[in-house]
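Student: Let me give you the structure first, and then I'll get to my questions.
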Amino acid sequence: MQFTSLASALTSIFGQDVSITRTDRLSGGDINKAYGLTLADGSHVFMKANAKKNASFFTAEAEGLYAIASTKTIATPKILCTGTDDGEQVGYSFLLLEFIEGAAKRRDYWETFAHELSELHKASTEPLLSGGRFGFASDNFIGARGQKNTPHDNWIDFFRDERLLPQFMAAEKYFDQKDQEKIQKLVDHLDDFLLKDEKPSLIHGDLWSGNVITGADGKAWLIDPAAYVGSAEADIAMTELFGGFPEVFYETYKDEAKMQAGYEDRRDLYNLYQLLNHLNMFGAGYLEAVKSIVSEYID
């Protein structure tokens, strides 16, 4: 559901007598503002807000959350609605979600997370897109930057055309002629490094620790997806990029998902996309990491 004011959204969802008695600014997130809304009946709602012009951030996020929830494999917050509001002088866009009351992790937290993530990656992807095997029904975002999801039948073509090439083009100013030659050689020879028979999987798309929270059930819940149908290995690679998860998570996942041999050789290539995106969002601090991965694959 999409609404043209926060008040109409709350009234439609909670009834005419709804009112906000408290608004708390919550920490976390570099792109959107986050709030906990306390309603008159004592219930809580989670709200993300951004500039009105960025309403598509939230419709895309809702689509990703809905896709993951539709697999019935791993928990995500319930989507209440998206909308825009003319208040706060210049207006804003918003996303309302179920407020997740955190709890202590259950004893088998990491094993359960690995099992549920593997089930997500095994779920059917046929309802999620048409005209190809990899991609998504609509474009979305990776952080604050657009993410193209034009469907392709072949995973290597998709990863080259919709992931690496747009990022390399956006980062062109950072690379000299020698860098450009190595980059061109890499994208021209991706089939030397990636699996040609990759199985399509619905993936979270931005699966680092900050996008995993603990729900009231003590299990892992997924938030802030950049979802699309791709390679499950891209999700696992992302979990290792900024610190990683406990070894028991990887042991359980690799056993249940029956990962193909050679994942460790492909991991950095998948994370090249994420590092390029950080380079394009945050600047040259990520340049050496990007160049290092290119050189890892191309002498």
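The values are calculated or read from the model by the stated rules, or taken from the named source; none is laboratory data. None of these values were measured; they are calculated from a predicted model. Every residue, glycine among them, receives a Cβ derived from its backbone with ideal geometry; neighbour counts consider all protein chains shown. Quick note on the areas: whole protein, heavy atoms, side chains included, nothing else; ligands and nucleic acids left out. Shrake-Rupley method; radii C 1.70, N 1.55, O 1.52, S 1.80 Å.
Student: Quick one: how many Å² of ARG160 are accessible to a 1.4 Å probe, rounded to 10?
Tutor: 60
Student: On the full set of protein chains, 1.4 Å probe, figure out the accessible area of ARG267 and give it in Å² to the nearest 10.
Tutor: 60
Student: In nm, to one decimal, how far is the GLN177 label point from the ASP255 one, both placed 7 Å along Cα→Cβ?
Tutor: 5.5
Student: Then there's this: Could you give log10 I(q)/I(0) at q = 0.11, 0.13, 0.16 Å⁻¹ for region 170-299, computed by the Debye formula over C-alpha point scatterers of equal weight, without solvent?
Tutor: Ignoring solvent entirely, the Cα scatterers give -0.44, -0.61, -0.90.
Student: Taking Cα centroids, how far is region 171-205 from region 232-273 in Å?
Tutor: Their Cα centres are 18 Å away from one another.
Student: Could you sort out which of LYS258/LYS291; LYS173/LYS196; LYS53/LYS78; LYS105/LYS258 sit more than 28 Å apart by Cα distance in this structure?
Tutor: Those over the limit are LYS258/LYS291; LYS173/LYS196.
Student: Any idea what the relative contact order of the chain is, in percent, if you count C-alpha pairs under 8 Å spaced at least 6 apart?
Tutor: RCO, the chain: 18 percent.
Student: Taking amide H positions as placed in the peptide plane 1.01 Å from N, state which residues far from PHE136 in sequence (5 or more) or on other chains have amide H under 5 Å from it.
Tutor: Amide H neighbours of PHE136: VAL229.
Student: Given a cut-off of under 8 Å on Cα pairs at least six residues apart, what relative contact order in percent is computed for region 45-168?
Tutor: It comes to 22 percent, rounded to a whole number.
Student: Are there any trypsin sites (Lys or Arg not before Pro) in region 50-100 that are in a DSSP loop and have at most 16 other Cβ atoms within 10 Å? List them by number.
Tutor: LYS72, LYS78
Student: How large is ³J(HN,Hα), in whole Hz, for each residue of region 161-175 in order, when computed from phi with the Karplus curve 6.51 cos²θ - 1.76 cosθ + 1.60 and θ = phi - 60°, using x for Gly and Pro?
Tutor: Along region 161-175, the couplings run 7, 9, 10, 6, 4, x, 6, 4, 5, 5, 9, 3, 5, 7, 10 Hz.
Student: Can you put MET238, MET281 in order of accessible area, largest first, using a 1.4 Å probe?
Tutor: MET281, MET238
Student: Collect residues whose amide H, placed 1.01 Å from N in the peptide plane, falls under 5 Å from the amide H of LEU26; neighbours closer than 5 in sequence don't count.
Tutor: Correct list: ALA34, TYR35, GLY36.
Student: Label the chain by shape, choosing from rounded, prolate and oblate, from the square roots a ≥ b ≥ c of the eigenvalues of the Cα gyration tensor; if a/c is under 1.5 it is rounded, and otherwise prolate applies when a/b is larger than b/c, oblate when it is not.
Tutor: Prolate is the answer for the chain, as a/c is 1.5 or above and a/b outweighs b/c.
Student: Summing -39500 (n - 2.57) over the DSSP H runs of n ≥ 4 in the chain and dividing by its residue number, what mean residue ellipticity at 222 nm do you reach, to the nearest 500 deg cm²/dmol?
Tutor: It comes out at -11500 deg cm²/dmol, rounded to the nearest 500.
Student: Dividing the alpha-carbon radius of gyration of region 240-292 by 2.2 N^0.38 Å (N being the number of residues), what value is obtained?
Tutor: It is 1.37.
Student: Report the calculated FRET efficiency for LYS72 and ASP197 (r = Cβ-Cβ distance, R0 = 35 Å), to the nearest 0.05.
Tutor: Plugging the Cβ-Cβ distance into 1/(1 + (r/R0)^6) gives 0.85.
Student: Another question about this same structure. Taking a temperature of 4 °C and a viscosity of 1.567 mPa s, what whole-number D in µm²/s does Stokes-Einstein yield for region 29-88 with Rh from Kirkwood over alpha carbon pairs?
Tutor: Approximately 99 µm²/s, per Stokes-Einstein.
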